[in-house]
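Student: Sending over a structure as structure tokens; questions will come in a sec.
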Amino acid sequence: MTVVGAVALALLLAPLATRAATDKAGGAKADKSAAAPVTATSSPIATPPAPPAGAPPADAQAALERVRAAYEYGEMEMVVDSARLVAEGRLHPTPAERASALRYLGIGLFLTGRPGGAETAFFDLLRLRPRTRLDATTTRPDVVAFFEDVRRRHAVEINAADKDRPGKSLVLALLPPAGQFQAGHKARGITIAAIEGLSLAGAIGTYAQLRAWRRPDDTFGPPLGQTGTDHTATAQTLLALNKVSIIVLVATIAVGIVDGVASYLAVEPEDTGASVADVFGRGYRF
């Protein structure tokens, strides 16, 4: 009985011992996990990505987009490096793109402790756009004060450059695509010129063919009692194409005039709101 009782007691105590060992191992594992340092991969809070350095920008527009992203993140060295590519003309910028790059370049150089370079960039900007002002709501007060000091100290040279700068003509602004080329929008001017040329050629070609087919009685079939080709159906198609060509031509000229006048009246051409082309969205930048 004693042996049987001992065996029974051992069988009863075995599950309790196993459970205690398991709880002890689990507690040790939990303590180890809690004591482990939190790494970047285990942190639930994601930090915003920095602007990519990547390959050199392909054009001035891509460089300026990189400049704006770096400026928002406070990466002033990247602002300076990317803006310099545009300001020095290495990416063949338009006057508006170069003016924007000079503004960022001057700000970046000043904030990185290079006031001499910042003064040169701001001076070039003011010679190119004498009426430029830095936005005090988005620019540090010391940068704005430095910019205005550059304007004051170089007022004679800036005014001389403004007088020698070739002026814009309102007459050219009313003659698309001349107004686009005058504003420095070469691709836009080529686009408008191509649409005008194609629509004008379509209007003249369809009108000439319709006139050749038209009979004295304003029909396009053979005279009564005679045989010949009946162009009535084809003439209806050409008449529709003629109307479409005229509508496209008139609409293109109207848009070109409004865009040219808007660019002519714009104080600062780098202001994207100064052009009718923005109705097409940022992706249609030309």
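Coordinate-derived values only; no laboratory data. Since this is a predicted model, take the numbers as computed values, not measurements. Reconstructed Cβ throughout: ideal geometry from the backbone, glycine too, with neighbour counts over all protein chains shown.
Student: Kirkwood hydrodynamic radius, computed over distinct alpha-carbon pairs, for the stretch 177-265: how many Å, to one decimal? Could the numbers behind the result be given before it?
Tutor: Numbers: mean 1/r = 0.0662 Å⁻¹.
About 15.1 Å, per the Kirkwood formula over Cα pairs.
Student: Order the peptides 74-85, 153-164 from the highest to the lowest mean number of other Cβ atoms within 10 Å of their residues. If you can, show how the numbers build up before the last one.
Tutor: Details: 74-85: 20.7, 153-164: 12.7.
Order by mean packing, descending: 74-85, 153-164.
Student: If you take the square roots of the eigenvalues of the alpha-carbon gyration tensor of the stretch 60-164 and sort them as a ≥ b ≥ c, do you get rounded (a/c under 1.5), prolate (a/b over b/c) or oblate?
Tutor: Details: a/c = 1.91, a/b = 1.24, b/c = 1.54.
Since a/c reaches 1.5 but b/c is at least a/b, the shape of the stretch 60-164 is classed as oblate.
Student: Let me know the volume per residue of the alpha-carbon convex hull for the stretch 85-125, in Å³.
Tutor: Hull volume normalised by residue count: 49 Å³.
Student: Kindly state, to the nearest 0.05, the FRET efficiency for Val171 paired with Arg131, given R0 = 22 Å and r defined as their beta-carbon distance.
Tutor: It comes to 0.45.
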